[in-house]
Amino acid sequence: MEWVRCFTRNRWAWALVLPPLLFFLAFFVGPLLYLFFVSLHVESQTELYGSRLTLDNYLRVAGDPFYLLIIRRTLTAGLAVSGLSLLIGYPVALTMVRMPASRRSVFLMVLLFPLMVSNVIRAYGWIAILGRRGVVNNLLRDGGLIQAPLPLLYSVETVVVGLLTILLPYMIICLVNALLTVDRTLEEAAQALGAGPLRTFLHVTLPLSTPGIASGLLLVFLLTLSAYVTVQLLGGPQSKMLVGLVYDAVMTFIWPRAAALAFILLGISLGVTTLMLKGLRPQRVQGQG
Amino acid sequence: MTGAFAEADVALRGVTKSFGPVVAVDDLTLEIPRGIFLSLLGPSGCGKTTTLRLIAGFEQPSQGDIFIRGQRVNLVPAYRRDFSMVFQNFALFPHMTVANNVAFGLRMRRLPRDEREARVRETLALVHLAGFEDRYPRQLSGGQQQRVALARAIVVRPAVLLLDEPLGSLDRKLREEMQVELRQLQQEIGITTVFVTHDQEEALTLSDRVAIMNGGKIEQIATPRELYERPATDFVANFLGVSNIFDGRVAGRDGEDALITIGPIQVRVPWEAGLEMGGPIRVAVRPEKIRLGPHDEKEGLPARVRHVIYLGATTHFYLEGPEGQSLVVHVQNISPDTAPWTPGDEVSCHLEPKSVFVLRKG
C-alpha cells in the first residue's frame, strides 16, 4: 500500500487528484449505482421505474431464448473481432517493429488515417461495396458468375468484417508498443542457445508481448461489445446485439429493462476481461508469477 | 579445409566486416586453440564486439571465413552454431524462472527431461546458486543474475563460450570477485572462451592470451606478460599502461643483440629480422624500468624534472628529455630519501637493460 502512504504524506498529491476524482464519482460512479438501483425495479407506464423491487428484469433475460441468442451473438462477435484482429495484426506489428523508426512512424500515420473517417461514413462505404447493387454484386453479375445478387449485407459476418476494419489499428498499436519494449538481445540469447526463428518467437517474443496482446484483445473486445452504429447499419434488424437491445428498451421507455441489460453487458465485459487476464497473465513478463 | 584448423576451436581467416562505408573488422586472422581463454581488448569502436558477433553468427562477414571446430560456419545460422554467449546486460528471460532460463538451451537441444533437470541442478551448484531454481531474474542481485547467465551458457557444453563485457555492469568489488570465479570456472571445465572487454586489468587478470584490437585489426596477440613486457606497437605500448617512446638509430650488431643509440646513450635490444644498420628505430621502456640518478652520472640520458607526484609507495616523475620529449618515470620509495629531486632539477635516466623493446610501425 505504498501509494496510500504517499498520499497521507503529501497533501499536494491529494489536491491534484481530488478534482478528477470528484468528477468521476459524481458523473460516473453515482449514475452507475443509480442505474443499478433502477434495474431492480418493476416497469412503470408513467414513471422512470415502478415502486416495487424485483429481480424480474434479470431473470427474464436468463430465461428468454431470444435474449440468450443475442447474448451469445454479442459474445461470438466480440471474440471473433478481437481474435481475428490479433491474428491479422500480429504479423503487421512484428513487421513494423523491425522497421527503422522513421519508416515506422509513416506506417503508423497510414494506419491511423482510416480512424479519421467517421464510423457512419465507413459503414455506408461497406454498404456501397456489399449491397444488392453494390460493387461486389455488380462485378459478379457482369462477370456472369451469378444471376441474382448475393445477400452480403445484414449478417453477423458482415458486422465482424466492418468492425475489424475499424478496430484493427487499435490492436496493431497495442502490439507495436509491446513489441518495441521486447529487448532484441533476448531474441539473440535464444538463438545463441539453439532456438531457431520459430522457437525464438514461441518461447521469447510471443510470451514477452503478452501485455500488448492482452491490452489489444481487451480494447477490441470491449469496443466491439459497445459498438452501435456499425452493427446497426451493417447488421440490420436480423443481427442485433446487446447494445441495440438497450437502445430499443430506452426508445420504448422501459427503463428498468434497459438498465438490467446494461448491467448484463457490463457483467459480460468484466467476466471476459478477467478470463483473458487469467489466461494470458501479462504480469509474468515482469517475472511475477 | 578442416586440417589447418583442427587444433583451434575457433578460427577466423581474412575476415572483413563493413557497415556501409565503415570497416568494423579489417582482414582479421585469428586462431583460438582449445581450452584457451582469449580476451579481445581495445577501445570502443575497435571492432572487438563485432568480431564476437561474427563468431556467433549475429553478423555476416563481408569477406573471409569463420571456422568453429574446423567446420566453416559462414552459412550456418547462429542457432545451429556450437557456441553460447553471455551478454553485457545478461539477457535473462524475464518470464522464466532461473531453472527454466538455465534449461532453455537443453530444451532446444531436446534433451530428455530427467537428464535436463540433473544438468541444471549440477550447473547451478557450480555457480553457487543451488536453491534459487524457482526465483525470477528480477528477484536476483546483479551478481546472481550474472551467474545465472553464465550457468545458462555453460550448461549446454558449447565448443566456445563468448562473453561480451559480462562484468561491465557490476560494481567494482563484485566485478573482482566474479573475475576470480569466472577464471576458476573456465579452468575447471576447460572451455574455450572469447572475452570482450575494454578493461585492461580485467583482460590481464583473466586471460591466457590477449588480442589488442585497434581500428578493426589485431595489433598484437600474446600472453599478458608478453604484452606488457614486449608490446609490438606504439598503440599496444600506450594502451596497456604508460610507455616512454624514443626515436633511435641502429648503430651496430653484437652477436644476438642490436646496439641502438638514443641521443647520447646506447642500449641493447635482441636483434630481429628487418633491422637495418644505421636505420631509424623506435624503442620504448616502461616508467618503472627507468632508474633516475644524479645529473653527473655517466651513461645516462639527461633530463629535467617538470612535475613530481608523490604517491606513498612510489613517486611519479614527469621529465623533459634532451629533445623536448616528455618522459614518465615511476620510482619505488625504498627509503625516506629515495629520489629527492624537485621540479627544475637535472637528472640522468638509466634504461634497465632487457627492458627496452622495439616498436613496429603501427
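The values are calculated or read from the model by the stated rules, or taken from the named source; none is laboratory data. Note that the structure is predicted; figures quoted are calculated from it, not measured. With ideal geometry, Cβ positions are generated from the backbone for all residues, glycine too; neighbour counts draw on all protein chains shown.
Taken over segment B:273-316, the criterion of being of a type in the set (A, V, I, L, M, F, W, C) and surrounded by 12 or more Cβ atoms within 10 Å (Cβ to Cβ) is satisfied by B:L275, B:I281, B:V283, B:A284, B:V285, B:I290, B:L292, B:L301, B:A303, B:V305, B:V308. Hey, among the residues in segment A:13-72 that are of a type in the set (S, T, N, Q) and in a helix (DSSP H, G or I), which one's surrounded by the most Cβ atoms within 10 Å (Cβ to Cβ)? Across segment A:13-72, the extreme among qualifying residues is A:N57. Listed by position, the strands (runs of 3 or more DSSP E) contained in segment B:121-221 that have at least 3 residues being without any contact (Cβ under 8 Å) to a residue 60 or more places away in the chain, within 14 Å of another protein chain (Cβ to nearest Cβ) and buried (at least 19 other Cβ atoms within 10 Å of the Cβ) form an empty set.
Close Cβ contacts (under 7 Å, 6 or more residues apart or on different chains) running from residues in segment B:269-288 that are over 25 Å from B:E320 (Cα atoms) to residues that are in a loop (DSSP other than H, G, I, E, B) comprise B:P270/B:E256; B:W271/B:E256. The set of residues in segment A:59-72 that are closer than 13 Å to A:A260 by Cα and more than 24 Å from the chain's Cα centre (by Cα) comprises A:L59, A:R60.
Under the condition of being within 16 Å of the chain's Cα centre (by Cα) and either assigned to a strand (DSSP E or B) or farther than 21 Å from B:D234 by Cβ (or both), the residues counted in segment B:34-49 number 7.
Yes/no matrix, rows are residues, columns are (1) in a strand (DSSP E or B); (2) among the aliphatic types (A, V, I, L, M):
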position	(1), (2)
B:G274	no, no
B:G278	no, no
B:E297	no, no
B:R306	yes, no
B:P322	no, no
B:V329	yes, yes
B:P340	no, no
B:H350	yes, no
B:P353	no, no
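Of the residues making up segment A:5-28, one or more are modelled with pLDDT under 90, farther than 30 Å from A:E157 by Cβ and among the small types (G, A, S).
If you take the residues of segment A:181-192 that are among the β-branched types (V, I, T) and more than 7 Å from chain B (Cβ to nearest Cβ), which of them is surrounded by the most Cβ atoms within 10 Å (Cβ to Cβ)? Out of the qualifying residues, it is A:V182. Taken over segment B:69-118, the residue count meeting the criterion of being crowded, with 16+ Cβ neighbours inside 10 Å, basic (K, R) and either at the interface with chain A (Cβ under 10 Å from one of its Cβ atoms) or assigned to a strand (DSSP E or B) (or both) is 2. Looking at A:A178, A:A195, can you tell me which residue is closer than 17 Å to A:S82 by Cβ and within 14 Å of another protein chain (Cβ to nearest Cβ)? Just one listed residue meets the conditions, A:A178. For segment B:291-345, residues that are more than 25 Å from B:D247 (Cβ to Cβ), under 30 Å from the mean Cα position of the chain (by Cα) and of a type in the set (A, V, I, L, M, F, W, C) total 3. Does B:G215 fit the bill of being under 21 Å from the mean Cα position of the chain (by Cα) and under 20 Å from B:E31 (Cβ atoms)? Answer is no for this residue.
Report, by residue number, each residue of segment B:336-351 that is modelled with pLDDT of 85 or more, exposed (fewer than 14 other Cβ atoms within 10 Å of the Cβ) and on the phi < 0 side of the Ramachandran plot. Selection gives B:P340, B:T342, B:P343, B:E346. Of the residues making up segment B:50-68, those that are of a type in the set (V, I, T) and part of a helix (DSSP H, G or I) are B:T50, B:T51, B:I55. Among the residues making up segment A:145-203, those that are in a helix (DSSP H, G or I) and among the aromatic types (F, W, Y) are A:Y170, A:F201.
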